[in-house]
1. Going through B:SER302, B:SER343 one at a time, which residue ends up being hydroxyl-bearing (Ser, Thr, Tyr) and in contact with a helix residue (DSSP H, G or I) (Cβ under 8 Å, 6 or more places away or on another chain)?
2. Quick one: which of A:LEU60, A:LEU28, A:LEU88, A:LEU50 is in contact with a His (Cβ under 7 Å, 6 or more places away or on another chain) and at pLDDT 95 or above?
3. Quick test for you: out of A:GLU98, A:GLU138, pick the one residue that is under 23 Å from the mean Cα position of the chain (by Cα) and modelled with pLDDT of 90 or more.
4. Is at least one residue of region B:103-121 within 14 Å of chain A (Cβ to nearest Cβ) and away from ligand 2 (no atom under 16 Å from the Cβ)?
5. Which condition number does A:ARG36 fail, the rest of (1) more than 16 Å from ligand 3 (Cβ to nearest atom); (2) surrounded by 21 or more Cβ atoms within 10 Å (Cβ to Cβ); (3) within 15 Å of A:PRO305 (Cα to Cα) being met?
6. If you scan region A:317-342, which residues turn out to be in contact with an Asp or Glu (Cβ under 8 Å, 6 or more places away or on another chain) and among the polar types (S, T, N, Q)?
7. If you go through region B:244-257, how many residues are of a type outside the set (Val, Ile, Thr), touching a strand residue (DSSP E or B) at 6+ places or on another chain (Cβ under 8 Å) and surrounded by fewer than 23 Cβ atoms within 10 Å (Cβ to Cβ)?
8. Considering (1) farther than 26 Å from A:LEU43 by Cα; (2) part of a helix (DSSP H, G or I), say which one A:GLN337 fails and leave the rest.
Amino acid sequence: MSSPHVNEGFLSAGQQVFQPSAGEDPFLVVDELTVRFPTHDGLVQAVTDLSYSVERGKTLGIVGESGSGKSVSSMAVLGLHDPRSTRLSGSIRVGGREIVGADEDDLRRLRGKDVAMIFQDPLSALHPFYSIGDQIAEAYLLHNKVSKREAKARAVEMLDRVGIPQARNRVDDFPHQFSGGMRQRAMIAMALVNDPKLLIADEPTTALDVTVQAQILDLLQDLQREFNSAIIIITHDLGVIAEMADDVLVMYAGRAVETGPTKLLLTNPEMPYTWGLLSSVPDVTASTDARLIPIPGNPPSLLNPPSGCPFNPRCAHKDKVPGDLCTTTLPDLLPAQVGEDHRRRCHLPDPEVIYGTEVLPEIAPNLVEQHEQTREEETR
Amino acid sequence: MTELRPHAPSTFTSEEPLLEVVNLKKWFPVKSSGLVRRTVANVQAVDGVSFSVPRGGSLGLVGESGCGKSTTGRLITRLYEPTAGQIRFEDTDIAKLSKREMLPYRSEIQMIFQDPYSSLNPRHTVGTIVGTPLRVHDMVPKDKVLDRVRELLEVVGLNPEHYNRYPSEFSGGQRQRIGIARALALQPKLLVADEPVSALDVSIQAQVVNLLQDVQREFNIAFLFIAHDLAVVRHFCPEVAVMYLGKIVEIADRETLYSRPHHPYTQALLSAVPDVKQASVGGRRERIMLQGDVPSPINPPSGCRFRTRCWMAQDICAKQEPPLLQIGPRHKVACHFAGERGSTGHVPITLKALGVNSHGDPVPGEEPMQGLDAPGYSPMFKDRETHLRESEPLADR
Ligand SMILES: Nc1ncnc2c1ncn2[C@@H]1O[C@H](COP(=O)(O)OP(=O)(O)O)[C@@H](O)[C@H]1O
Ligand SMILES: Nc1ncnc2c1ncn2[C@@H]1O[C@H](COP(=O)(O)OP(=O)(O)O)[C@@H](O)[C@H]1O
Ligand code: SF4
Ligand code: SF4
Ligand SMILES: [Mg+2]
Ligand SMILES: [Mg+2]
């Protein structure tokens, strides 16, 4: 039943050895991306001056509260925003090609082929009236010159690959006949059918139970290892970030507020919003009597974001910044005190010390020593 | 031989439990289509759960979607009619009370829902939403209702002067506070909180969790805290029960349950939770991968309901349902081969309790123990080793 095309798929890609050639640009480069939505109520400043890049074989985790611009920025990467109702500027290069301003035909060739996206709600990506297998086959036919039979065989292989039991018997099922976890897998199968080089997973496991989440995350990692794709995983769960991502981008009010390698950013964070995220979630593995420290207030409106640092209305540390800088001047995204490639957007002169002496002792006293250690290693 | 004492009071506090649930069941009938709609099957949503909640204490109920947590909560608030079992609230069994008989208890047992959007009537002001229970139950004189509403809004951290606003004017976290104010209006002794923070952003979750802890301490309210987030439950509840497919598979104090789980499902569940601290180690934690999906509650597996996904399952698991045996001062587990991961034996610990041999077949002359469905903990119990020692001679027969 296998066709040449099927054999060329990522199923056999595990044998290949990928070596990123030196000096090559990262597969995805987002540069000063700004996205605005004109609405009746005013201009929604959904994403502002956002820059990041992802290499093949690497995973970038994007965290932030709802409404911080995570989905809007990722949809821009697939060229999914309607140019008539969106103002978009900056540059997005995928495999060297510019997405911003590209015409719809070029974008269509890109979507589902080089770049694919999976969503929180699989039903938004799956049509209720077509069988799962037909939808996956259709996505394959769109980008490959194969017969319908071959496409269907490919659908079976994909379903099998994402762990649908008895894929051959389930391929003609409709979405409603699948459980939540199986629908999520089916959507992943569809997203991966054309061996995308970049996969964007927008809260792929938020609606799922932890055991199913663990299966899906494993699956993403396996596929990445086999196929060397770049992955962007959007989530509000710092645990998922810790276990999946090589690098992290923390977003607040449409902007990057802290970026860096995962280990560094989560053990030596230098931005009060990141501290807030870490201190407001309880720990599943440690003793529990410490009170949670919530971030006060609510995320800002993007119609009328606060002046100065967007986090200032909720920030408990702004009195440590001289003058009224926090309320008048937007901090730049500057190199952090600790670690290479670690950047933060905050006026605090010595966030490292504040984190080690004020924040960490409150949220995880047992980690203070380790924090001190990393700090010494990294600053040496 | 130490005997199990079926009605021993909970050892969790010196006080009598506020709520004791015994062998509670809810089966939803599945009807045939056509003119005469016969019951062709039952969704065994909750199938014989027993637990107790101490006055002013918190019991957490965790487990994956569809395991029967919400149904359990709705049975206790009598939003659903129990199919069988007892719900003893301050020594009265409220499971079968009529609507009218139930009325005095309605105010004592309140519920907070997951969705702060759909659980508040969008056409009513906050004052009406929080004030209605006060009026219906004649909690305060009519001309004092507004004062009390203002007080309640203040307690939950909302501006008391916002009583004439509508739910749509509030954020998700604020709406959850309105739901909490409404639940507090009747000064309940028990709050059933069904996923009270799951719909909120993490930073807002912490605000609401802290508020719930404050009101619990201030008003000595007991909580049945239902959530699928294991970290939040560990934080809130000194005592936690794990459900799977309509049954409690393990219940214990939180230290025991999270550090030394004895049921394979609890072990798998805990191993699946991603941990922020993993960042300093790198990579994924070692985890137990469960195969397949949760079976249908319409036709659950015989014997142990977890056996279709359990890596330790033996013959006996298909034949005998493992009873929820107490194996520690505050620890009960329902597994024939209960034990910490890597230290489980080949001999079922349940043989003596069930009067069967290690293949799960009845042993002539041996009677199954009675009273294993009692809620709470007994001061007299056999630990796992004692169960094992008593089981071994039987296994040889
Ligand atoms: N098509 C649109 N028109 C107007 N506003 C939008 C549109 N899409 C998103 N937004 C707004 O942009 C902001 C960022 O949204 P989004 O990227 O979806 O946030 P999240 O971080 O939760 O994914 C939000 O305030 C949202 O309401
Ligand atoms: N009103 C109902 N009618 C029929 N089945 C129901 C009803 N409510 C819940 N169920 C079923 O009962 C089981 C338990 O559901 P529920 O208590 O909501 O689980 P949980 O809250 O743990 O996710 C599920 O299989 C669900 O589909
Ligand atoms: S710049 Fe000021 S307000 Fe913003 S996070 Fe830093 S200290 Fe807080
Ligand atoms: S009783 Fe058997 S099947 Fe059930 S959890 Fe224990 S070992 Fe697994
Ligand atoms: Mg989003
Ligand atoms: Mg529920």
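The values are calculated or read from the model by the stated rules, or taken from the named source; none is laboratory data. Just so it is clear, the model here is predicted, and its values are computed rather than measured. Ideal geometry is used to build each Cβ from the backbone, glycine not excepted, and the neighbour counts take in all protein chains shown.
1. B:SER302
2. Details: A:LEU60 fails: in contact with a His (Cβ under 7 Å, 6 or more places away or on another chain); A:LEU28 fails: in contact with a His (Cβ under 7 Å, 6 or more places away or on another chain); A:LEU50 fails: in contact with a His (Cβ under 7 Å, 6 or more places away or on another chain).
Answer to the check: A:LEU88.
3. Details: A:GLU138 fails: under 23 Å from the mean Cα position of the chain (by Cα).
Within the list A:GLU98, A:GLU138, the selection yields A:GLU98.
4. Narrowing region B:103-121 to residues within 14 Å of chain A (Cβ to nearest Cβ): B:114-117.
From what's left, away from ligand 2 (no atom under 16 Å from the Cβ): B:116-117.
Yes.
5. (2)
6. A:GLN337
7. Residues in region B:244-257 being of a type outside the set (Val, Ile, Thr), touching a strand residue (DSSP E or B) at 6+ places or on another chain (Cβ under 8 Å) and surrounded by fewer than 23 Cβ atoms within 10 Å (Cβ to Cβ): 2 in total.
8. Just one mismatch for A:GLN337, condition (2).
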